[in-house]
Every structure is written in structure tokens, then in C-alpha cells.
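Notes follow once the structure below has been shown.
The values are calculated or read from the model by the stated rules, or taken from the named source; none is laboratory data. None of the values given here were measured: they were computed from a predicted structure. Note that we place each Cβ from the backbone using ideal geometry, even for glycine, and neighbour counts take in every protein chain shown. Side chains are part of the model used for accessible areas, which takes the heavy atoms of the whole protein and leaves out ligands, DNA and RNA. Shrake-Rupley method; radii C 1.70, N 1.55, O 1.52, S 1.80 Å.
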Amino acid sequence: MDYNSKKSTKITKPRTGILAKIGVHKAAKLTPRCKSMYTDSIILKRKLQYESSKAKTFKQKLRAAENLSERYINDKLSDKLSPAATLFTNLQIRETQKKKKGRRFTLDEKILSLSLYKKSPKSYKLLSSLFTLPCRRSLTTLLHQVKIEPGVSPVLMQVLKEKVNKLKANEKFCTLMFDEVNLSTELHYNAASGKIDGFENDGCATTQEFADHALVFMVKGITKKYKQPIAYTFIKGSTNKFQLCALIKKVVTSIQKTGLKIIATICDQGASNEGAIKLLNEETKAYCLKNNTKYNEDFYEIECDGNERIKIIHLFDPPHLLKGIRNNLLQKDLIFMTNNEKKVAKWQHLVDLYKLDSSIEEVKMLPRLTDYHIIPGKIKKMKVKIAAQVLSQRVSALMRFLSGKC
């Protein structure tokens, strides 16, 4: 095959330029005016290609600069601020310029906001007007994802166990507090669980009785400041002493498994509370007699994990003790011995002191005492402050001073 045959078999690609669109194959066939326009179009096309490549390069540089500046800012913030402050600052930088419906928050940012909201809802409302924060509905939706049923919550026990592992040995000592609160009787449909709330529920079984009381257990640190609700139940009326005794054992056993060390239990002087503590003391006494061990009435024992028994002191709530002493003194006389001499303390002595102090013009040694502290028909019996001010050291010192002058 010769050269001419090779040249004749060469395949030419169809032209796709401006000339092809108007059906012209060579620019030489254009009129002078069309040729001038064709030349200008080629120049403009080249300029467009240049500017497009230039803009593309600029976008890449801008994107790289933004990423670099974001990493730089994060590194600088993490060096100078705490993790929570860094998280909050990044949130403001990232979301402030966006519209409300276009804002998105990470789980850590929601948890930080939830901690602020739980500390003070009013303060969170003010912060939301000053900064970019998740709305209350977003926080409520996050809370609904954590399901905590009545009784001892396995979720709380697992979280508590993880936290306890980070505590020092002396920080694990704690007290267990429990108390009842009154509730209004009503039914409520829980859309998250698909159940109707408002019936009795102790975590093990639900009855058809309407609940009007809630019993709550909480642990509180002794050497380190922390407190955490552990369990709750819904009941009709007050929890009887047998149920309460069983609940105390169950809660104490669960808490001990987390690594915390319960030293004491604390409650008010309710009839069920006193009855439950007496039952625990009687069980401890019977166990000691059976095993020929010494019984100490200052402690009661609870069996945990087989043969392990822990000793726990029970304390009645000091504020309620103050009110109890004051209320007993209102109705009964207190007989006591001092220096082998029998003496009697009466509420009338406080009334006489108050009248004597109030009769002195322009000078009052006990300015805090009022009729609501002393006069039996006017006393606000539910306020601890009232009882504490009456049974204070200042009142005692002035009464001792005046009794020595008489």
C-alpha cells in the first residue's frame, strides 16, 4: 500500500465549533463582517475559559483556607479554653449565621445545653436570646430517648458504676436518702412508650389503683459533693413498712454493686419510715442471736451478694427533728436532770421570754422572734426556719442570762 492510499483512508472528526453550527467549514468563506465577529467570539471564548479556570482555582484555595482556619481556630481554642467552652464557642461560630430551621446541633452540644437548662430554665431562656442554642423542644426530645422506668433503673446503675470507677476511695462513701411526695391523681398517655401512666407501679408490678404518692431514693456524697436519684415508685397512700423495708434492701444492694459505700440512711419521722427501720433492726437482732454475734442497736445490717453484710446507721432528718422537738414542747413539758437536780422545761418559758423582750421599748434582744414563732395559735409549723430560730443559741443564752438575774 502506498502513501496516497493511506492518506485517503484517514478518518476526519466532525467539527463542533461555531462555524459548524452555521454550516460553514472554513472561515475564509465568511464575509468580512462575519469573519470579524468570528474572531471576536474566539477571543471571548478563550477569555471565558481562562476566567472559569481561575474561578475554579480560587474556590479550591478558598475552601482550603476555610478548612485551615477552622482547624487553626479549634487548635487555638482547645489550648486556651476548657472542652465545654470550646464546644460552645464552635457552636456559635458555626450556627449563628444560619436560619433557625437550618441549624443543626451535635449530641455533645445538646447534652451541654441540656445541663444548662436543667440548672435553671429561666437562665437558659435568657441565654437562648443572647446566643445560638437548641430550643426547649429539642432538649425534651433528647430526654425522651432515655427511658427510666419505676423501680431501680438499670440505666442509672450502669452510668453510676462508670462514674464511681473514676472516684477516689474516700469519695465513694455516701448516704442514702428517701422520702415521699404527694401527687395529684390523674391519668396521662405516654406517647413514647404507648402506655397510660398514673397507676401504682413499684417497678415489678402495676396495679389498677390510682397513685397519689411517689417514693424517691437518692444517694449523696459525704466527702465529695454529688447527688443522684436512684429509684422511684408510684403508690396509693403511704408505702407500708413491709414494702419500704424490701425496697431499702433492694436499693442498697444495687448501690453497693456500683462500688459506692453506703454509710447511713436518712429520712423523716413518718410512721412507715420508723416502722421499716424497726423491722430492719429486728431482723439484724434475730440474725445476731442466731449466729451468736454481738448486736449493736446503733446499726442495722443488710445482706448483699451472698454472705456479705454491711452495717448502716440510720439518721432522722435534722430539720424534721427540730420541728418535732418544738411540736412536742408545745404540748408537753420536758423533764431533765442537771447536776443531779430534776428540772422542767415548758413552752410557757419561751412565751414569758418573748413578752419580756417585747416589752422593752426601743431595745429588743431577740429581733427575729415574732408571734409566728412563739404564740401557739400563730406558729407556722411546717417552716424549719421558724423552729430553728426559736431553738437557737441566742435564745438559749438570753434565757440563761435572765434566769440568773431573777
Revision key, fill the gap. The range 142-287 accessible area per residue, 1.4 Å probe, protein heavy atoms, integer Å², reads 57
Exercise for review: With the convex hull built on the Cα atoms of the chain, state its orientation-averaged projected area in nm².
Suggested key: 49.3
Exercise for review: Please compute the net charge surrounding L366, taking Lys and Arg as +1 and Asp and Glu as -1 over other residues with Cβ under 14 Å from its Cβ.
Suggested key: +2
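Give the carbon-plus-sulfur fraction of the accessible surface of the chain in %, rounded to a whole number; probe 1.4 Å, heavy atoms of protein chains only.
57
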**Study point:** Candidate aspartates and glutamates - alpha carbon under 18 Å from K225, same-chain residues fewer than 8 apart omitted
**Key:** E162, E171
Review point. How much solvent-accessible surface does L289 expose, in Å² to the nearest 10, with a 1.4 Å probe and all protein chains in place?
Key: 130
Check your understanding: How would you rank 231-240, 84-93, 360-369, highest first, on the average number of other Cβ atoms within 10 Å across their residues?
Key -> 231-240, 84-93, 360-369
Practice item. Please report the relative contact order for the range 123-225, taking Cα pairs under 8 Å with a sequence separation of at least 6, and give it as a percent rounded to a whole number. Key: 29
Check your understanding: Which of K172/K220; K56/K100; K257/K278 have a Cα-Cα distance over 20 Å?
Key -> K56/K100; K257/K278
Check your understanding: Hull surface divided by four, with the convex hull built on the Cα atoms of the range 61-215: how many nm²?
Key -> 14.3
Check your understanding: So how exposed is L334, as accessible area in Å² (1.4 Å probe, rounded to 10)?
Key -> 90
Exercise for review: Please tell me the relative contact order of the chain in percent, rounded to the nearest whole number, where contacts are Cα pairs under 8 Å and at least six residues apart.
Suggested key: 8
**Study point:** Taking N as its residue count, the alpha carbon Rg of the range 83-157 over 2.2 N^0.38 Å
**Key:** 1.23
